[in-house]
1. Would you mind getting me the FRET efficiency between residue 54 and residue 161? Use the beta-carbon distance for r and R0 = 22 Å, nearest 0.05.
2. Pop the C-beta distance of residue 182 and residue 83 into the FRET formula with R0 = 25 Å and round what comes out to the nearest 0.05.
3. Could you line up 112, 53 from fewest to most neighbouring Cβ atoms inside 10 Å?
4. Which pairs break 26 Å Cα to Cα here: 132/175; 81/181; 63/128; 76/128; 116/141; 68/121?
5. Roughly what would the spin-label model give for residue 121 and residue 147, points 7 Å off Cα along C-beta, in nm?
6. Quick one: if you take sqrt(5λ) for each eigenvalue of the C-alpha gyration tensor of the stretch 67-185, what semi-axes come out, biggest first, whole angstrom?
7. Check residue 147: other-chain or 5+ apart residues with amide H under 5 Å from its amide H, H built from backbone geometry?
8. If we count other beta carbons within 10 Å of each Cβ, what is the order of 182, 165, fewest first?
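Where a number appears in this text, it was derived from the coordinates with a stated rule and is not lab data. Being a predicted model, the structure only gives us computed values, none of them experimental. As a convention, Cβ positions derive from the backbone with ideal geometry for all residues, glycine included, and neighbour counts pool all protein chains shown.
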Amino acid sequence: MPKISKSSTKKPTVKTKKTVKTKKIVTAIQKPVKAIKKLATAEKKLKAPIKISKNYIPKDTEKYMCDKHLSFFKIKLTEWKKELVKANNEALYHGSMDDNSVSADIVDQASSYTDKAVEMKAINRQIKLISKIDQALLRIKDVTFGFCAETAEPIGLKRLLARPVAHLCIAAQEKHEKEEKVYADD
């Protein structure tokens, strides 16, 4: 009979060792999950949009193309794009409304035709500008905005404030224009 009592005492000790091992496994699994959650919250903090005031203007004293600068130019470009799209839509709508009035006078028809041709050229220029704005917004997303496409030198805040769609620095732009002029003369 004493043998039975010894075996009964050994079984509970074995069971407690097994539960200790399973607890270690559970804690080992929980630690990476906590680390992943920390990384996910850190990524969310990094992607939070930068809030700037409406009258903010980038300064030379700030780091070139910091988050504030990129946010400022993104807002400026998107507002400019919205204005151009709205103006194009209105011009196209009003242009189509004018088609209904056909004049019997040949001079009036010629004048109307010339006006429409000028309007269409303006709309085409604005469409090209919208595509340049889209390219600039992609450069902002890629964080290459503000740097020359040829030399990778900073374009400069003054130039970007004057022409936000600029993708070349002044030296590269002058070189490009000279080459364009040489080929146009041939």
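1. Efficiency for this residue pair is about 0.90.
2. On the way: r = 36 Å, r/R0 = 1.45.
The computed FRET efficiency comes out at 0.10.
3. 53, 112
4. Details: 132/175 20 Å; 81/181 30 Å; 63/128 31 Å; 76/128 17 Å; 116/141 37 Å; 68/121 36 Å.
Check vs 26 Å cut-off fails for 81/181; 63/128; 116/141; 68/121.
5. Computed distance between label sites residue 121 and residue 147 equals 3.9 nm.
6. Details: eigenvalues 274, 83, 15 Å².
They are 37, 20, 9 Å, listed largest first.
7. 155
8. Values: 182 9, 165 18.
Ordered from fewest to most neighbouring Cβ atoms within 10 Å, 182, 165 come out as 182, 165.
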